[in-house]
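The values are calculated or read from the model by the stated rules, or taken from the named source; none is laboratory data. Please read these numbers as outputs of a predicted model, since none were measured by experiment. Here the Cβ is made from the backbone with ideal geometry for all residues, glycine too, and neighbour counts use every protein chain on show. These area figures cover heavy atoms from the full protein model, side chains too; ligands, DNA and RNA do not enter into them. Shrake-Rupley method; radii C 1.70, N 1.55, O 1.52, S 1.80 Å.
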Amino acid sequence: MTFTEQIITIAMCILGTMATRFLPFIVFRGPHAPIYIQYLGQALPAAIFGMLIVYCLKEVSWLTGTHGLTELVSIAATALLHLWKRQMLVSIAGGTIFYMALIRLIA
């Protein structure tokens with residue numbers, strides 16, 4: 001890519017990111033969002049986490065090695081950390097660090 005193409009690519013990425021960040025606030029002005037948007041705001045986080053759990057566990061070999069022990073213990077640790085602190089970023093970071101430590105020590 002030439003320098004001009006790189007600048008154009010970066011500008012388009014910035015523009016696309018800004019559009020996706022600001023567009024909902026422009027479209028849904030006013031005190032209340034439509035009912036279906038409120039429903040999506042409540043339903044999608046749980047659905048996304050369920051999908052991430054399935055995605056992360058799909059390659060686990062339950063019949064060999066540690067039999068998924070590191071993954072199951074890490075999920076439990078993440079859940080307990082979240083129940084204790086009630087902070088999403090702490091739960092995600094703590095669970096990830098715990099999992100990385102386990103795979104280095106056990107696997």
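Brief remarks follow.
- Condition met for Trp62 (of a type in the set (Phe, Trp, Tyr) and touching a Gly at 6+ places or on another chain (Cβ under 9 Å)): yes
- Qualifying residue in segment 85-100 (condition: modelled with pLDDT of 90 or more, over 24 Å from Pro45 (Cα atoms) and not charged (D, E, K, R)): yes
- Counted residues, segment 51-64 - those being assigned to a loop (DSSP other than H, G, I, E, B) and loosely packed, with under 13 Cβ neighbours inside 10 Å: 6
- Residue match in segment 84-100 (condition: polar (S, T, N, Q) and in contact with a His (Cβ under 8 Å, 6 or more places away or on another chain)): yes
- Subset of segment 65-107 that is of a type in the set (Gly, Ala, Ser) and touching a residue at least 24 places away in the same chain (Cβ under 8 Å) - its residue that is surrounded by the most Cβ atoms within 10 Å (Cβ to Cβ): Ser74
- Leading residue by the ranking (farthest from Arg104 (Cα to Cα)) among those in segment 26-80 that are more than 20 Å from the chain's Cα centre (by Cα) and small (Gly, Ala, Ser): Gly30
- Among the residues listed as Met1, Met12, the single one being open to solvent by 100 Å² or more (accessible area, probe 1.4 Å), modelled with pLDDT of 95 or more and more than 24 Å from the chain's Cα centre (by Cα): Met12
- Per-region count, segment 65-79, residues in a helix (DSSP H, G or I) and touching a Ser or Thr at 6+ places or on another chain (Cβ under 9 Å): 3
- Here Arg21 passes the criteria (1) at pLDDT 90 or above; (2) surrounded by 10 or more Cβ atoms within 10 Å (Cβ to Cβ); (3) not hydrophobic (A, V, I, L, M, F, W, C) except the one numbered (2).
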